[in-house]
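Only the coordinates and a few stated rules stand behind these numbers; no lab work does. Note that the structure is a prediction, hence the values are computed from the model and not measured. A quick note on method: Cβ atoms are made from the backbone with ideal geometry, for glycine too, and the neighbour counts reach across all protein chains shown.
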């Protein structure tokens with residue numbers, strides 16, 4: 001597999017890390033209820049999309065269930081590590097709710113991808129296991 005397919009994933013991971021490394025008093029979000037959770041879900045949805053892009057197409061076709069689980073677990077573990085990282089950043093604290101939002105974003109994107117993959121494979125006369 002070409003390293004180039006990993007570049008979007010690594011870039012998104014770097015952006016998430018950079019944003020998580022900002023002290024809490026430097027983040028100036030609008031006062032919209034749960035906006036931070038929506039932003040977490042969007043960021044990790046984008047991460048899930050880039051991880052799916054990094055997985056070789058032949059693996060996507062052979063085992064979409066396994067790829068789906070792998071991508072969600074990857075995003076979950078990165079979210080947990082991100083929250084741990086935030087525990088060392090001034091005026092930031094780890095949050096289980098952020099991890100839930102992260103995972104939700106990843107699950108939504110993976111679910112949409114899986115449904116599209118299922119239709120694609122079904123159209124070719126193969127079944128999704």
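Brief remarks follow.
- Residues located in the range 21-42, provided they are surrounded by 14 or more Cβ atoms within 10 Å (Cβ to Cβ), assigned to a helix (DSSP H, G or I) and over 15 Å from the mean Cα position of the chain (by Cα): 36
- Scope the range 43-75; condition touching a residue at least 40 places away in the same chain (Cβ under 8 Å), under 13 Å from residue 6 (Cα atoms) and outside any helix (DSSP H, G or I); matching residues: 56
- Residue, surrounded by the most Cβ atoms within 10 Å (Cβ to Cβ), within the range 104-113, restricted to residues that are closer than 16 Å to residue 50 by Cβ and either in contact with a strand residue (DSSP E or B) (Cβ under 9 Å, 6 or more places away or on another chain) or touching a residue at least 12 places away in the same chain (Cβ under 8 Å) (or both): 106
- As for the range 58-71, it holds no residue that is surrounded by 12 or more Cβ atoms within 10 Å (Cβ to Cβ) and more than 30 Å from residue 123 (Cβ to Cβ).
- For the range 76-99, a residue qualifies if it is under 19 Å from residue 46 (Cβ atoms), touching a residue at least 60 places away in the same chain (Cβ under 8 Å) and surrounded by fewer than 15 Cβ atoms within 10 Å (Cβ to Cβ), but none of them does.
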